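Everything below concerns the one structure shown next.
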Amino acid sequence: MKTEIIKTTLNKIPSKIFLKKDVKKVYFFEHTGGLKTKTIEIIAKERGGEVELKGSVSLKNTDDFNLKTLTTHFVGNNKVRIHIKAVLDDQAKLNYEGLINIEKGADFSDSFLQQDNLLLNDGVVCNSSPQLQIKANEVKASHGVTMGSFDQNQLFYLKSRALSEKMAKKLLVQGFLLF
Amino acid sequence: MKNKVPLKQNTKSGYQYGFSDPEKYEVKFEKGLNEGVVKRISKLKGEPDWMLKIRLEAYKVFLGKKMPNWGGDLSKIDFNNIHYYLKPTPKEQKSWEDVPDDIKNTFNRLGIPEAEKEYLAGVKTQYDSEIVYGSVKKELEDKGVLFMGTDEGLKKYPEIFRQYFGSVIPAADNKFSALNTAVWSGGSFVYVPKGVKVDLPLQAYFRINAKNIGQFERTLIIADEGSFVNYVEGCTAPIYTSDSLHSAVVEIIVKKDARVRYTTIQNWSNNVYNLVTKRAFAYENSVMEWVDGNIGSKLTMKYPSVYLLGEGARGEVLSLAYANSSQHQDTGTKMIHLAPNTSSNVISKSISQGTGRSSYRGIVHIAKNAKNSKSNVECDALLINKNSRTDTYPFIKVNNSSSRVGHEASVSKVNEEQLFYLMSRGLNEEQAKALIVSGFIEPIVKLLPMEYAVELNRLIELEMEGSVG
């Protein structure tokens, strides 16, 4: 399997990504605001390919961002992994929708979506809707979403190591966004 | 001896409750719905004017609302092809001996005398839109627990109804709650006084009999501070070729420190549209648990919800959906956190077989002032055959930074290794699959009263016959 790693801005990620036989495409982005919407379709019309879409979204002030990913497995024997992390501060707003669609006959599709959100301020609005539509049964499909703030134990630990609260939080955000 | 319509075999494997009594009704309206029908229902029941007014306003709302453009396929429902009211006997009977023979036979088939002999507290049974038989045990009466049909409740306790009826689910909530508010009949009314714990489950049975009957029961449960009650409902319906509609509304108020568990095993036959609105308001430190089992019906759209209105309140939903060929179970929940330190937990297990479709549809909403709240949702779906379908449509909205939410969902088919192991132990493939499915649903089944657990496991086994190949 040939691996292609594409590290770019969210804006430059193609709106349609096609799976290709024997190729693993890994897309990676770090988005820090400036877009209103972005929709990415991942389409499997060929067997034997892999796509990974990994990225972070950091929103603050009055950023308002709609992100949508749409994965469709028309055929099987392929693998898609989507992992999106978001940090929201101030009055930022994120609307995420992620549909994984596995069509009839697309057996041996393997699709997974994870969406994690770190919320830093009571003024934020975080909406996430990961969806599944599965019409074949020889498949692996799952998704997960988490939303929350800092782990108090981790924060306490860093402060006990003489870091200020501000510095500790900064480090925890950096750690959260690491892949 | 009355004539019985013989047991019909349905295409799957025989629906053992698929019998029907020839229709014997005191009152049976012609098909169709109009303002006159609504007025007649209210007059027949001798209701106060304010209830008639509520019904008529709801009817207007119903006419104005559109059908939902999401969920299952509702296009074949013809509201004019349904009888909206029927009444099988002149009045509610207090003792089993007084109940007419054919109605008694129906309940015999459903196993009610056994249930009555056992330790159940009180049984109110409904035979097509009316409470026919009930016996409230003295123990409950002594504790001040009210458990009766909704019609009777309205007559005896109008002030409670004025206060709470429609307070949790207003007519305008959706088209079907509007319909129910206009033509409701039957259902249960439960009031548990402060500090009273009702240990034995309160039960009620439902039944749809005549062709094209709409079932519009309305249930109101109020658990006063510090109380506890477990309400159980299970229903069956015979097979008919034209489609039936079941559009119930259940409103529950769980006051401070109280706890309510509402358990349902729905097993309507495969021609029934089951479109139900169920919702609870949970106040300070209270607990509301929905245990929801959906096995039957052609299409079920049901999202038992909890509005967490008081600090420390907790909502739980344990949902089980089984969709066989030509069935669509579209179920889920709404957990709305509107107060701090509230928590919600949802476990949804679904099984799709043949060409069946099972969908989870849920909302978890944490409002800005619901600080420090927690929510966890877990959806597991099992796809038995290659034409089976499952969907998951969750919506998670969080408006503060002190709450924690987790959601996960997964889909799989019956595990090959587990299947191989069981078959190597002498079970055939069908038996092995049934056992695995039983294990899959066990966390929910173990919360059911025993006779329900047994019935449920037997139903699943029956459904799974012929699932191989």
Conditions (1) in contact (Cβ under 8 Å) with a residue 40 or more places away in the chain; (2) among the polar types (S, T, N, Q); (3) touching a Lys or Arg at 6+ places or on another chain (Cβ under 7 Å); number of the one not met by B:N385: (3)
Quick check on my filter: what residues within the stretch B:430-465 are over 16 Å from B:L320 (Cβ atoms) and surrounded by 15 or more Cβ atoms within 10 Å (Cβ to Cβ)? B:E430, B:Q431, B:A432, B:K433, B:L435, B:E451
I'd like to check something: does the stretch A:65-74 contain any residue that is more than 9 Å from chain B (Cβ to nearest Cβ), under 18 Å from B:K397 (Cβ atoms), assigned to a strand (DSSP E or B) and polar (S, T, N, Q)? yes
Could you list all residues from the stretch A:115-161 that are touching a helix residue (DSSP H, G or I) at 6+ places or on another chain (Cβ under 8 Å) and outside any loop (DSSP other than H, G, I, E, B)? A:D116, A:L118, A:Q154, A:L155, A:L158, A:K159
With within 14 Å of chain B (Cβ to nearest Cβ), within 15 Å of the chain's Cα centre (by Cα) and part of a strand (DSSP E or B) as the only criterion, which of A:G98, A:G55 stands out? A:G98
May I ask you to list the residues in the stretch B:298-318 that are aliphatic (A, V, I, L, M), under 12 Å from B:V254 (Cβ atoms) and buried (at least 22 other Cβ atoms within 10 Å of the Cβ)? B:V306, B:L308, B:A313
Does the stretch B:291-305 hold any residues that are in a strand (DSSP E or B) and touching a Ser or Thr at 6+ places or on another chain (Cβ under 7 Å), and which are they? B:V291, B:D292, B:G293, B:N294, B:T300, B:K302, B:S305
Scan the stretch A:101-111 and give yes if some residue there is more than 10 Å from chain B (Cβ to nearest Cβ), surrounded by fewer than 17 Cβ atoms within 10 Å (Cβ to Cβ) and either of a type outside the set (S, T, N, Q) or assigned to a strand (DSSP E or B) (or both), otherwise no. yes
Residues of the stretch B:75-90 being surrounded by fewer than 16 Cβ atoms within 10 Å (Cβ to Cβ), farther than 18 Å from B:G32 by Cβ and of a type outside the set (S, T, N, Q), in sequence order, are B:P90
Confirm whether B:S402 is within 11 Å of chain A (Cβ to nearest Cβ) and part of a loop (DSSP other than H, G, I, E, B). yes
In contact with a strand residue (DSSP E or B) (Cβ under 7 Å, 6 or more places away or on another chain), at the interface with chain B (Cβ under 9 Å from one of its Cβ atoms) and aliphatic (A, V, I, L, M): is that true of A:V173 in this structure? no
Taking A:V125 as the residue in question, decide whether it is at the interface with chain B (Cβ under 7 Å from one of its Cβ atoms) and more than 25 Å from A:R81 (Cβ to Cβ). yes
Tell me the residue from B:I384, B:I366 that is within 13 Å of chain A (Cβ to nearest Cβ), more than 23 Å from the chain's Cα centre (by Cα) and under 19 Å from A:S149 (Cβ atoms), please. B:I366
Within the stretch B:356-379, is there a residue that is touching a Leu at 6+ places or on another chain (Cβ under 8 Å), among the polar types (S, T, N, Q), farther than 21 Å from B:Y307 by Cα and assigned to a strand (DSSP E or B)? no
Out of all the residues in the stretch B:308-322, which are in a strand (DSSP E or B) and either in contact (Cβ under 8 Å) with a residue 60 or more places away in the chain or on the phi > 0 side of the Ramachandran plot (or both)? B:L308, B:L318, B:S319, B:L320, B:Y322
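Read-outs throughout are calculated quantities, based only on the coordinates presented, and are distinct from any laboratory measurement. Since the structure is predicted, the reported quantities are computational estimates derived from the model, not experimental observations. Note that each Cβ is placed from the backbone with ideal geometry, even for glycine, and that neighbours are counted across all protein chains shown.
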